[in-house]
1. Go ahead and set up a Gaussian network model of the chain, Cα springs under 10 Å, then flag whichever of Asp211, Asp52, Asp161 fluctuates most.
2. Could you work out which residue, out of Gly49, Gly38, Gly96, moves most in a Gaussian network model of the chain, that is, has the largest mean-square fluctuation with Cα springs under 10 Å?
3. Would you kindly state how much longer the chain becomes between Asp182 and Thr37 on full extension, computed as 0.36 nm times their sequence separation minus their alpha carbon distance, in nm to one decimal?
4. Once amide H atoms are built 1.01 Å from N in the peptide plane, which residues 5 or more positions from Val128, or in another chain, come under 5 Å H to H?
5. Could you tell me the calculated FRET efficiency between Asp82 and Asp154, based on Cβ-Cβ distance and R0 = 30 angstrom, to the nearest 0.05?
6. For Lys204, which sequence-distant residues (separation of 5 or more, or a different chain) have an amide H within less than 5 Å of its own amide H, given hydrogens modelled in the peptide plane?
7. May I ask you to rank Trp157, Trp99 by accessible area, largest first, using a 1.4 Å probe over the protein chains only?
8. Given points 7 Å out from each Cα along the Cα-Cβ axis, report the Thr94 to Ser135 separation in nanometres with one decimal.
Amino acid sequence: GIKKIGGFDGQAVSPDGRLIAYVDWSSGDAGVMEIATGEKRRLTNVDKGFIDMIIFSPDSKRIAFGWYKDIGPYQVGIINCDGTGQRLIYEAGTEGSFWPIDWAPDGKSIVGLLEKEAAPSFLAVLQVAEGSVRSVKQIGMSGEGMGRAQFSPDGRWIAFDRSPSAAPRESRDIFLLETEGDKEVPLIKHPADDRLLGWSPGGKWILFSSDRSGSWDAWLLPVEDGQATGEPILVKHDF
């Protein structure tokens, strides 16, 4: 029962478990596949460039996608899973390019990485309705050291992993950041490489992977009100 995360690999599983969204690299378009039947359908029709990041809305009815054109700025769009209602919600400008990572539980905003050439990158929140972006946490140059990010089920927190010094090859730790406000909590600080996998549906646990035992294992950490309430529990060895 851990929420699937879409994003950087161009694939995502819908929250209701019915669909897989993917990029068809032969055309650069986004499509969806019914898991039960294997039936596929193309959603977008990009005439230039390709789509490279996909995330589902909480109700599994829409996807948000990043669209990188051959010529022109990086854009973020949304489309219904039946192929209707495509529209752009963000176009890279003076603020930089926005890479969508996770959709908020209320469907009103998307967390992602805001990048600008030769400038620090930020963890940022994009409002779906008006397309405005608010930076919430400086990460580093070109997003170096940044991993996954995900809203908590109640929308109060954003969990994310990054290397402490924003160096891409350093071991990562896991942090919590208030969605409204500037409170940051170092949730998991350990010499090992710890990487976010997701929240449990009730928001009481964080699932993460770690190489602290010498192999990549899956661990659960109990969390309440933005704080760890116990020690990590090993749930899957050699993951």
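The values are calculated or read from the model by the stated rules, or taken from the named source; none is laboratory data. From a predicted model like this one, the values you see are computed outputs, not experimental measurements. Counting neighbours? That spans all protein chains shown, and the Cβs are built from the backbone with ideal geometry, glycine included. These accessible areas exclude ligands, DNA and RNA; they are computed on the full protein's heavy atoms, side chains included. Shrake-Rupley method; radii C 1.70, N 1.55, O 1.52, S 1.80 Å.
1. Asp211
2. Top of the fluctuation ranking is Gly38.
3. Here the answer is 47.7 nm.
4. When sequence neighbours closer than 5 places are left aside, the close amide H contacts are Ser109, Ile110.
5. Details: r = 29 Å, r/R0 = 0.98.
That gives a FRET efficiency of 0.55.
6. Residues meeting the amide H criterion: none.
7. Working: Trp157 10, Trp99 55 Å².
The ranking, largest first, comes out as Trp99, Trp157.
8. If labels sit at Thr94 and Ser135, their model points lie 1.3 nm apart.
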